[in-house]
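See structure below.
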Amino acid sequence: MLFALPMSNKAIIDIRALTKVYNLGQVKVPALNGVNIEVLEGSYVALMGPSGSGKSTLLNILGCLDRPTGGVYRLGGEDVSAMSDRQLSQIRGQRIGFIFQSYNLIPQLNVVENIHVPLFYQGRDIRSCYDHCAGLALKVGLRGRLDHRPMQLSGGQQQRVAVARSLANNPLMVLADEPTGNLDSTTGEEILALLDELHADGRTIIIVTHDPKVALRAERVIHLMDGLVDRVEHHERSMVAAANGAKGRAS
Amino acid sequence: MNGFSLIRIIQLGFKSLRLHKLRSGLTMLGMVIGVWAVITLVAIGEGASHDAQEAIKRLGAHNILIRSIEPAEEKSGASSTRNFVSEYGITYHDASRLQATLPGLKRVLPEMVQRRPVYYDRFQQDCQIVGTYPFYPDFTKALVVRGRFLTEFDELHRNNVCVLTESLALRLFGHQDPLESQVRVEDQYFRVIGLLREMSGVEQRPQGNEPEGKPLDSNVYMPLSTLRARFGEMDMDSRAGSFKLERVELTQVRLEFASVDLVEPSIPLIKAAMEKDRKKKDYELIVPLNILNAIKAQRARDTRMLLYIACISLLVGGIGIMNIMLATVTERTREIGVRRALGATRGDIILQFLVETLILCLIGGLAGVGGGWGFAWAREHWFHLTTIVTEWSVLAAFGLSLAVGLVFGLYPARRAAALDPIEALRHS
Ligand SMILES: Nc1ncnc2c1ncn2[C@@H]1O[C@H](COP(=O)(O)OP(=O)(O)OP(=O)(O)O)[C@@H](O)[C@H]1O
Ligand SMILES: [Mg+2]
């Protein structure tokens, strides 16, 4: 594969007693109440739980989009909680890929330009990395659509662009918040297959979902409840391989 | 941010602005009009000032005019005692004293002006008869277009010859040749020996308070000696129903100095010479140099005023731009969130929106400069009005529009950058 990463058993994510309280003036809304999670590099984790249990909140903190109120978050050994806005931007730009439920492509840019956005903020000219971006677009199955605008694409195609974009800067970790939430089951399957490929390449994947079938693809499912880890399910590697449709890429 | 990224951000700005062409265009319009107004107004003002200065220069910066004016007391006195002969003005005595006492004085040109009808055949024109010296055209830069002007010989012999202004000749003679014809003033006949074209508007202005609607350059020039000998110094004033006799020796005297530097210091000397033996204020001094300076000072004031107005109009344009950019930031909140999630720093976001505003201002400014230039060109070439586009006005207008872009773009850009990425992403 294009971007195969070495597998290791290092913890990429290590959070201890993580809390998040939304401060709405008078009212304080606790969203996370002391979460402890360790995620190994190259693993595939699903976050599940009822609505309002704090899945998105946790994912945003893991993605360095938001800061915890308390506790410690180590990303690849570095304490992220104390970092400046600029440093967090840099981490997001270099080490994390995001996939959103509502695609979030930039309407005035075409497919390749959208994929290029993370690289743009790393100071890379589109001419120098056009082939790389176009290659990603082809990889997610967007042949013949390279110069289309998001408006001219179907939801599934837009989410493919988003997957390609999340890969542009060759991140260690891809975070997806209900990536199939807006798609029909077949299209959803296709997107999940793409994520499986990323995982097979050795990338860490964390996905938030409501769908148990989706969660079945992950090696580990973390169930949240009222801002706390309720329980953790481990899936056998073989099960994962089976869910992947026996693609035989798990190693 | 390195160079290519800036280019890329500029390209991105164009892309985003093209998404809302009408809105971008209308926003720019404020800038266009502001810049256009500055350049055009300054160009028109500069042109007018140039014309005025040229006119004054023709009058001569190293000249001083002394003009006879009727003192205020006699004006009111004339209405109570009807047939009063009002006697005032510059005398020959004054003229010779000035000539004798002023240092650096080159020439003194006396003029006596009387209002009389002039006849040719059955045509009549109300004219100003100007008795003056042969060097009048040289002194006033008037142009002898046909024939010749008066000579020393004419002056010495009190010849009955005259020179007409071009337009008077046309009115009196139509398409006949006026040269060598005889025109009549009262019972005297004068041979027309030349045609003259006055060059400056000031020369064409009637002396004293003329009735309105009269042609300004209906002048008949004849030797001063002839005018005195034939008609004396009495002039009839039959304006406003009253009938009044005036006795004025010299209507106007022009003094020419060897250099411009002598003009200012001579003014008190002239006043002193004139005030001697004089009981009433029956003359006025006209100093073209002072008028010139006054025009320049006025111009500076006008320019400052225009700049204030321009600043206000650009301010209004700038507020318009800020308003639109704030709306744009709100509208694109989600895009901002996405960019932040994908690694954009606050600085990147500020730069992006600032560049968009600057593009609007720059294009608007350029269009305004082009429009102003075009307008000035059209005014000059099609309407033949002096219009001078000054470099500083172009630079100032352009610089101001850029400054407006920076000032009014910064706030929306900072607001965009201050958005919390999560909040921005959640924005619907
Ligand atoms: N910006 C915010 N301000 C105040 N409270 C918030 C904010 N964002 C989330 N919350 C609260 O935090 C809690 C967790 O929200 P979160 O979005 O993480 O839930 P979720 O598990 O993702 O739910 P869903 O499955 O519906 O997406 C909820 O009670 C929510 O009301
Ligand atoms: Mg959620």
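Some points to look at:
- Members of segment B:343-388 that become less accessible by 40 Å² or more once partner protein chains are added (1.4 angstrom probe, chain alone as reference): B:Gly343, B:Thr345
- Overall, the accessible surface of segment B:299-355 at a probe of 1.4 angstrom is composed of carbon and sulfur to the extent of 73 percent.
- Long pairs among B:Lys141/B:Lys280; B:Lys141/B:Lys279; B:Lys57/B:Lys276; B:Lys106/B:Lys276, criterion Cα-Cα beyond 26 Å: B:Lys141/B:Lys280; B:Lys141/B:Lys279; B:Lys57/B:Lys276
- Alpha-carbon Rg with Dmax, taken over the protein assembly as shown, Å: 45.5, 136
- 1.4 Å probe, heavy atoms, protein only - residues of segment A:75-97 losing at least 40 Å² accessible area vs chain alone: A:Asp85, A:Ser89, A:Arg92
- Selected from B:Leu22, B:Leu314, B:Leu326 as most flexible by GNM, with chain B as the system and alpha-carbon contacts under 10 Å: B:Leu22
- Interface size B-A, as summed buried accessible area [1.4 Å probe, Å², nearest 100]: 2600 Å²
- Highest-fluctuation residue, B:Pro288, B:Pro268, B:Pro223 considered, GNM on chain B with Cα pairs under 10 Å: B:Pro268
- Taken per residue, the accessible surface of segment A:42-119 reaches 29 Å², heavy atoms only and a 1.4 Å probe.
- For chain A, fraction of C-alpha pairs farther apart than 33 Å, in %: 17 percent
- Share of carbon and sulfur in the accessible heavy-atom surface of segment A:1-108 [1.4 Å probe, %]: 53 percent
- On full extension, the segment bounded by B:Ser259 and B:Tyr119 gains 46.2 nm, given 0.36 nm per residue less the C-alpha separation.
- Max mean-square fluctuation residue, GNM over chain B, Cα-Cα springs under 10 Å, options B:Glu391, B:Glu233, B:Glu155: B:Glu391
- Approximate spin-label separation B:Arg228-B:Thr390, in nm, with each point projected 7 Å along Cα-to-Cβ: 4.8 nm
- Heavy-atom surface of chain B, accessible at 1.4 Å and reported per residue (Å²): 47 Å²
- Shielding score for B:100-106, defined as the mean number of other chain Cβ atoms within 10 Å: 0
- Antiparallel DSSP beta bridges within the protein assembly as shown, percent to nearest 5: 70 percent
- Gyration tensor (alpha-carbon) shape descriptor, segment B:145-194, a/c threshold 1.5: oblate
- Candidate membrane-span-like segments in chain B, meaning DSSP H helices with Cα atoms spread over at least 27 Å of their own axis and a Kyte-Doolittle mean of 1.0 or above, are B:391-418, with no membrane implied.
- The helix-only estimate of mean residue ellipticity at 222 nm for chain B, built from DSSP H runs of length n ≥ 4 each weighted as -39500 (n - 2.57), is -19000 deg cm²/dmol after division by the residue total.
- Accessible area, probe 1.4 Å, largest first, for residues B:Ile309, B:Ile9, B:Ile286: B:Ile309, B:Ile286, B:Ile9
- One chain, two ends: A:Glu38 and A:Gln152. Fully extended at 0.36 nm per residue, the span grows by 37.0 nm beyond their Cα-Cα distance.
- Loop sites in segment B:102-150: chymotrypsin sites (Phe, Trp or Tyr not before Pro), DSSP, at most 14 other Cβ within 10 Å: B:Phe135
- Where N is the number of residues in segment B:304-377, Cα Rg divided by 2.2 N^0.38 Å: 1.46
The values are calculated or read from the model by the stated rules, or taken from the named source; none is laboratory data. As the structure is a prediction and not an experimental result, all values here were calculated from the model. Using ideal geometry, Cβ is built from the backbone for each residue, glycine included, and neighbour counts are taken over all protein chains shown. Heavy atoms of the whole protein, side chains included, go into the accessibility calculation; ligands, DNA and RNA do not. Shrake-Rupley method; radii C 1.70, N 1.55, O 1.52, S 1.80 Å.
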